[in-house]
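Reviewing the structure listed below.
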Amino acid sequence: MRFYDPYRLLSPEAHHWLEKEVIRAFEPSELGLRFVGRGGPGVIPATLYPELPDRWDVAPEAIGVAIGVHGEPRSIFLSLGAAERALGLPLARHRDTPLNAKRPKRRLHGSQTRRLGVALGRVLAHELVHTIAPECPHTTHGLMAERLSRRMLTAPGVGFDALATRHLRLAAAGMGAPETG
């Protein structure tokens, strides 16, 4: 896993919580997920944008999207603005602000920084499952729910349910899970 923040949108603290949350979510799967400093074969890139581009046919409230799930290249894209709106946080930039505009100084409180990092980490974990185990369906509970509510993005201990964990373990073993309908 390689996380890119080309616009330097996240503070180091939020980035820390993002990585910590992704690793925590994947621990039960025994997949051995880790973050690396460089891309390369087998590395899945995830890029943070202020907003997801309109040209991608995703809902405006979508925080993340996996592209190229059933083939190469596989990439994940996250929206800082959608995450901030979902959490009710002050926005780092407004939707129509050009990317090359100077970013206004803003400082989130410690708990807000942690919530933002954890929420983005959970969305990243969700999208990683789509890339690692594309046959894993959305579930009604846990991080593979079709829509992650504010509570699911921030409540302690939210993780993958048994079905998603099974799919991840099969992916780690190099086997695809049978279709689950």
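The values are calculated or read from the model by the stated rules, or taken from the named source; none is laboratory data. Here the structure is a predicted model, which is why all the values come from computation and not from measurement. Cβ placement follows ideal geometry from the backbone for every residue including glycine, while neighbour counts extend to all protein chains displayed.
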Given (1) more than 22 Å from residue 113 (Cα to Cα); (2) in a loop (DSSP other than H, G, I, E, B); (3) out of contact with any strand residue (DSSP E or B) (no Cβ under 7 Å at 6 or more places or on another chain), where does residue 8 come up short, assuming only one miss? (1)
Residue 26 passes all but one of the listed conditions (1) exposed (fewer than 15 other Cβ atoms within 10 Å of the Cβ); (2) on the phi < 0 side of the Ramachandran plot; the exception is number (1)
Test: residue in segment 118-127 that is modelled with pLDDT of 95 or more, farther than 18 Å from residue 66 by Cβ and surrounded by 11 or more Cβ atoms within 10 Å (Cβ to Cβ): yes
Report yes if residue 61 is part of a loop (DSSP other than H, G, I, E, B), under 18 Å from residue 118 (Cα atoms) and not aliphatic (A, V, I, L, M), otherwise no. yes
Expected single match for without any contact (Cβ under 8 Å) to a residue 40 or more places away in the chain, over 16 Å from the mean Cα position of the chain (by Cα) and within 29 Å of residue 163 (Cα to Cα) among 37, 42 is 42
